[in-house]
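To start, the structure itself, in C-alpha cells.
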C-alpha cells in the first residue's frame, strides 16, 4: 500500500505540487478576505459608535450664554441614556485591535465632555423643575441620570495611559527644562521641588 502511494507520488509529483500550491494560495486569499471584511465592518461600526456618542451628548447638552450647559429635559436624558446603552452594546462587536484602540480614544474624548457638562449642575434642584406649559413638576428619570453619570466616570480597572510614562523621562526626552520652557520649569521647581530634582538628575 505504502509502495503504491510512493509510486503514485513519484509519477505525479508535479500535479500534486500544483494542487498544494493552489490550495495554499486559496487559503491565504480566504484569510485575507476575511480580515479585510472584518476591518471594513469594524470601520463602519466605529462610525456608528461615534454617531451614538454624539447623539447621546446632544440629547443631554445644549448651547447656553456661557457655553454648553446640561438640559433640564426628561426625554432628552432618557434619549441620551438609550444612545449610551446602544453604544456599550455595539462596542462589544468590534473585533480588530486597531479599531478597539481607536474606540477607546473616542470614548475618552466623549467621557471628558460629559464630565465637564455634568460639573455645571450646581445642585439637586437641577433635577426637578416646573413645566411652564403644563404647570406641573417634572424630574430627570433616575435610571437615565445614573447611566449618563456612569459614562462620565473613569472606568474601573482601565489602564491609565499616563502610567506608561514617567515625569522624569518626559522632561529628559523632550528637554522640557531647557530655557525656552523656563516658565514650566519654574512652576515645577516652585510647587514640586522633589520632582524637579529627580527630573534634573535624569537629564
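Bear in mind that the values in this text are calculations on the coordinates, not laboratory data. Note that the structure is a prediction, hence the values are computed from the model and not measured. So basically every Cβ, Gly included, is an ideal-geometry build from the backbone, and we count neighbours across all protein chains shown.
What the table below lists for this structure:
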{"read-out": "Most to least packed among 38-49, 72-83 [average Cβ atoms within 10 Å]", "value": "72-83, 38-49"}
{"read-out": "Reference-scaled alpha-carbon Rg (2.2 N^0.38 Å with N residues) for region 40-159", "value": "1.16"}
{"read-out": "Along each principal axis, Cα extent of region 90-158, largest first, Å", "value": "52, 23, 19"}
{"read-out": "Ranked list, fewest to most other Cβ atoms within 10 Å of each Cβ, for 60, 148, 128", "value": "128, 148, 60"}
{"read-out": "Theoretical gain in end-to-end length, residue 75 to residue 129 [0.36 nm per residue, Cα-Cα removed]", "value": "18.1 nm"}
{"read-out": "Radius ratio Rg over Rh of region 147-203, counting only Cα atoms, Kirkwood formula for Rh", "value": "1.18"}
{"read-out": "Net length gained if the chain between residue 98 and residue 39 were fully extended (0.36 nm per residue, minus Cα distance)", "value": "20.3 nm"}
{"read-out": "Computed label-point distance, nm, for sites residue 88 and residue 191 using a 7 Å Cα→Cβ extension", "value": "3.5"}
{"read-out": "Size-normalised alpha-carbon gyration radius of region 54-120, reference 2.2 N^0.38 Å", "value": "1.23"}
